[in-house]
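I have a structure here, written as structure tokens, and I will follow up with some questions on it.
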Amino acid sequence: MRNRKKWRKIPVQITPIKDEIFSRYKGLIETDILSDKIVAIIGLGSGGSYIALELGICGVGKIICIDHDRLEVGNVSRHVAGLSHVGRYKAHIMADLILDRNPNAKVYPLVMEVNFDNKPTVRKSIKKADVVFICTDNRESRLILNRLCVEENKPFIMAAAFSRAYGGQIHVFNGTGISPCYQCFLSYLPEEANDVEISSPEQAQEIAYSDREVPVEPGLLNDIKPISQMVVKIGGQILLKDKETTLRSLDKDLIAPWYIWLNRREKGTPYEKLEPLKYYVDGMHILRWYGIDLKRNEACPVCGDFEKYALNNHEPISDNKKDSQSNEPTSRK
Ligand SMILES: [Zn+2]
């Protein structure tokens with residue numbers, strides 16, 4: 001009698017997880033079409049964590065997750081991870097969350113800050129990746145990653161929210177000689193490059209180089225997600241470029257090197273006076289993507305032929321001048 005109470009028959013269904021997980025993608029993309037692709041996501045905050053998880057869910061085979069921070073309570077309202085992960089490294093959290101959605105993926109968490117000293121290690125990850133997603137929140141790391149990607153001729157997508165996430169921008173680098181790099185963008189549009197979301201005290205500290213105090217003013221996750229979603233869409237197109245898919249038509253749409261998104265007509269910005277969205281289909285309005293053409297700067301010290309350009313313009317350049325033109329930060333020793 002005792003045994004009968006202890007042991008009970010329950011129905012068990014064995015599901016072939018690999019086929020079943022991606023069954024809803026059939027017709028759009030082949031279920032394992034991205035399984036041979038490798039991505040690197042650098043910076044796993046509110047944007048990067050979402051991008052990493054989405055790429056995992058899409059079926060990307062190998063995902064390198066790089067971040068040096070641990071998840072804090074204050075991050076939870078804007079991160080894909082919840083309170084149960086507080087105190088853990090974001091890189092390790094993302095490995096668990098991705099594998100929970102796609103157990104076939106291989107995730108490589110790297111607890112590491114991107115700075116001048118560990119460039120060789122970061123370069124190794126960039127070399128392996130098909131596309132690099134740059135989601136760090138400081139200019140030093142962006143400049144280092146930009147240079148490494150240009151040197152390795154590696155496509156990258158760089159996403160950033162504007163202050164208080166009233167909007168955001170995305171840079172797409174498709175390869176040397178084709179698209180402008182981040183350094184080109186900085187030389188053309190320094191104001192846009194400076195309009196960044198301040199989401200942490202460390203970041204505020206870094207930006208407050210004058211006496212003026214910089215307030216921490218993070219945006220809402222709701223305002224950051226449209227930017228992250230677009231990044232995944234553009235990244236997916238680059239990853240699928242040599243594959244047969246019905247998503248091919250997007251190749252003609254997503255050609256811009258620079259995209260802008262506006263969440264609202266923020267006071268004190270150039271977008272304050274835009275016509276309200278209402279029913280308009282023409283003109284510039286909020287809550288729509290705008291692709292903007294930006295040519296590569298031939299004289300860019302990172303992606304251009306700086307030396308040739310300078311010689312053609314009869315400007316002799318010394319090594320010192322070359323160095324001063326390069327915005328790459330030097331080692332902090
Ligand atoms: Zn450039």
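The values are calculated or read from the model by the stated rules, or taken from the named source; none is laboratory data. In this text the structure is predicted, and so the values were computed from the model without any measurement. Here the Cβ positions follow ideal geometry from the backbone for every residue, glycine too, while neighbour counts run over all protein chains shown. The protein model used for the area step is the full one, side chains on, heavy atoms only, and it has no ligands, DNA or RNA in it. Shrake-Rupley method; radii C 1.70, N 1.55, O 1.52, S 1.80 Å.
For region 32-297, with only Lys/Arg (+1) and Asp/Glu (-1) charged at the beta-carbon, what is the dipole magnitude about the Cα centre, in debye rounded to 20?
620
Quick check: from the Cα gyration tensor, does region 32-297 come out rounded (a/c under 1.5), prolate or oblate?
rounded
Provide the per residue accessible area, probe 1.4 Å, for region 32-297, rounded to a whole number of square angstrom. Intermediate results must be reported in sequence, preceding the final value.
Numbers: 12660 Å² over 266 residues.
Result: 48 Å² of accessible area for each residue.
Given H placed on each backbone N at 1.01 Å, which residues far from THR176 in sequence or on other chains put an amide H within less than 5 Å of it?
The list, which skips near neighbours in sequence, is empty: none.
Going through the cross-link list LYS62/LYS127; LYS90/LYS128; LYS119/LYS225; LYS62/LYS124; LYS124/LYS308, which pairs have a Cα-Cα distance over 18 Å in this structure?
Where the Cα-Cα span goes over 18 Å, the pairs concerned are LYS90/LYS128; LYS119/LYS225; LYS124/LYS308.
Okay, moving on. Spin-label point model (7 Å from Cα, Cβ direction): what's the VAL281 to LEU247 distance in nm?
With each label point 7 Å from Cα toward Cβ, the separation is 2.7 nm.
Leaving out ligands, DNA and RNA, what percent of the accessible area of region 61-160 is carbon and sulfur, probe 1.4 Å?
47
At 7 Å along the Cα-to-beta-carbon direction for both THR269 and TYR290, put a label point, then send me their distance in nm to one decimal.
Simple spin-label model gives 1.1 nm for this pair.
For region 72-87, what does the Karplus curve 6.51 cos²θ - 1.76 cosθ + 1.60, with θ = phi - 60°, yield as ³J(HN,Hα) per residue in whole Hz, taken in order and with x for Gly and Pro?
10, 4, x, 7, 4, 5, 10, 10, 6, 8, x, 4, 5, 9, 4, x
If you don't mind, another one. Can you compute 3J(HN,Hα) from phi for each residue in region 135-146, using the Karplus curve 6.51 cos²θ - 1.76 cosθ + 1.60 with θ = phi - 60°, rounded to whole Hz and x for Gly and Pro?
10, 6, 10, 9, 5, 4, 5, 5, 5, 5, 5, 4
Pull up all non-local amide H partners of LYS106: gap of 5 or more, or a different chain, and H-to-H distance under 5 Å with H placed in the peptide plane.
Long-range HN contacts for LYS106: LYS62, ILE63.
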